[in-house]
Amino acid sequence: MLPERGAFGGFCNYGVFWVEGKDAETGKKKLRKLYAVSEAAAARGAVAAGCVAPFTMRAERLGPPTEKQLGYLRDLGVEVPEDCTQVDASALIRRAESANAEDPTPGLLAYAEDCWVCFSRLSCEAELLERMVAQLFQRERSILFAHAVCAHVNGARLGDPRADERFPAFERFAGEAAEDPALWKSIEQRPAWEYLTPGHNTKAYKAALRCL
């Protein structure tokens, strides 16, 4: 069964936003191309990129698959859904090439959505985690890492950290990371695959374990 289609076409939860505002330093008009899940997320991205409101913005859907992608998917025997985007096609290729292409849990998907992470709903768990690790802000990423350590210790899958009874402990860990640059650096250095199989000898892992 195919997942829900995105608001911008295809199965991605995001689109391309062309955002125009003023440069925070020069006051001159500044145009930015941003990938975002909504106008609010695009505005936040524009501010982070050095623009100030008021903004004018135009949204576009992501581009269609390339001929090379379509040919490769045919060779792999993968059926391409109608209205697929280039990003969706990449997700399908990743799934077909992966030895372990588990679907993300509904909880992990919900956390990613609510944190405004841009991804294709055709992504496998590993790819979704890569996008989350790359895009989450410090607090949300720290919470996810603590949840990952807890899930690993208990032999559970990653879900929505907010639904876990140990969520207050995850928040404490995020608070420690915000106050300890060395701890945050250790979290930043953890690749996405360590959220599935955390390394035990890192500062981040040991600190998360103490919080649980």
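The values are calculated or read from the model by the stated rules, or taken from the named source; none is laboratory data. The model shown is predicted, which means the values in this text are computed figures rather than measured ones. So basically every Cβ, Gly included, is an ideal-geometry build from the backbone, and we count neighbours across all protein chains shown.
Points worth noting:
- Residue match in the stretch 84-93 (condition: exposed (fewer than 12 other Cβ atoms within 10 Å of the Cβ), within 23 Å of residue 110 (Cα to Cα) and of a type in the set (A, V, I, L, M, F, W, C)): no
- The set of residues from the stretch 134-157 being closer than 16 Å to residue 199 by Cα and either touching a strand residue (DSSP E or B) at 6+ places or on another chain (Cβ under 8 Å) or surrounded by 15 or more Cβ atoms within 10 Å (Cβ to Cβ) (or both) comprises 142, 144, 145, 146, 147, 148, 149, 150, 151, 152.
- Any chance residue 99 is on the phi < 0 side of the Ramachandran plot and at pLDDT below 95: yes
- Residue list for the stretch 109-134, filter: in contact with an Asp or Glu (Cβ under 7 Å, 6 or more places away or on another chain) and not basic (Lys, Arg): 110, 111, 115, 120, 122, 124, 125
- Selection of first residues in the stretch 79-102 that are farther than 14 Å from residue 124 by Cβ and of second residues that are exposed (fewer than 14 other Cβ atoms within 10 Å of the Cβ) and modelled with pLDDT under 95, restricted to Cβ pairs under 6 Å at least 6 apart or on distinct chains, gives the following pairs, ordered by first then second residue: 81/2; 86/63.
- Against the criterion of being of a type in the set (A, V, I, L, M, F, W, C), more than 19 Å from residue 132 (Cβ to Cβ) and either surrounded by fewer than 15 Cβ atoms within 10 Å (Cβ to Cβ) or in contact with a Cys (Cβ under 7 Å, 6 or more places away or on another chain) (or both), residue 99 qualifies.
- Taking the stretch 1-40 as the range and being among the aliphatic types (A, V, I, L, M) and surrounded by fewer than 18 Cβ atoms within 10 Å (Cβ to Cβ) as the test, the residues that pass are 1, 2, 7, 16, 24, 31, 40.
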